[in-house]
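S.K.: Mind having a look at this structure? Questions to follow.
Where a number appears in this text, it was derived from the coordinates with a stated rule and is not lab data. Everything numeric in this text was worked out from a predicted model, so none of it was measured. Cβ atoms come from the backbone with ideal geometry, glycine included; neighbour counts cover every protein chain shown.
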């Protein structure tokens, strides 16, 4: 993104960040409950354009390694999974996988079980994964000094 802030990708864009609970037997076949931390970027027309997601986010203070997500695969012993997805409203576009040769992490700084607020920071480098997509936003994207402060949403 060449020094740009992610939230500034689109003029008058807005961003929504939230945490939801995942359960065994869902699209991510982990054996125990887990959390998704997702930040969605919408353009000025309200269309979803990008989604940055972490899967298996712990609620315990600490720094955790982020590794690429492999669809249909989950080991409870794995660290946090991460990915970036481009889209046009509800149509999937280019996807980016975590680049394992870089230091990718998510750090939980604070969790309040009473208010369900979660606060932390992250750094992650992702690389373009073509998989037949014709959209090509770039080769490598680096999220540096990323911060989040959100609440867990109960379904």
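S.K.: Can you name the residue in the stretch 33-75 that is touching a residue at least 60 places away in the same chain (Cβ under 8 Å) and in contact with a helix residue (DSSP H, G or I) (Cβ under 9 Å, 6 or more places away or on another chain) and is also surrounded by the most Cβ atoms within 10 Å (Cβ to Cβ) among such residues? Don't jump to the end; show me each part of the working.
M.R.: We begin by selecting, within the stretch 33-75, every residue touching a residue at least 60 places away in the same chain (Cβ under 8 Å); these are 35, 37, 39, 52, 54, 57.
Going one step further and asking which of them are in contact with a helix residue (DSSP H, G or I) (Cβ under 9 Å, 6 or more places away or on another chain), we end up with 39, 52.
On the way: 39: 21, 52: 24.
Going through the qualifying residues, I end up with 52.
S.K.: Here is a further query. Residues of the stretch 76-91 being touching a residue at least 12 places away in the same chain (Cβ under 8 Å) and more than 25 Å from residue 113 (Cβ to Cβ), which ones? Before the answer, list the steps.
M.R.: From the stretch 76-91, those touching a residue at least 12 places away in the same chain (Cβ under 8 Å) are 76, 78-90; that's our starting set.
Correct list: 83, 84, 85, 86, 87, 88, 89, 90.
S.K.: Pick out, from the stretch 34-122, the strands (runs of 3 or more DSSP E) lying fully within it that include 3 or more residues that are under 17 Å from residue 20 (Cβ atoms) and in contact with a strand residue (DSSP E or B) (Cβ under 8 Å, 6 or more places away or on another chain).
M.R.: 34-42, 48-55, 80-88, 105-112
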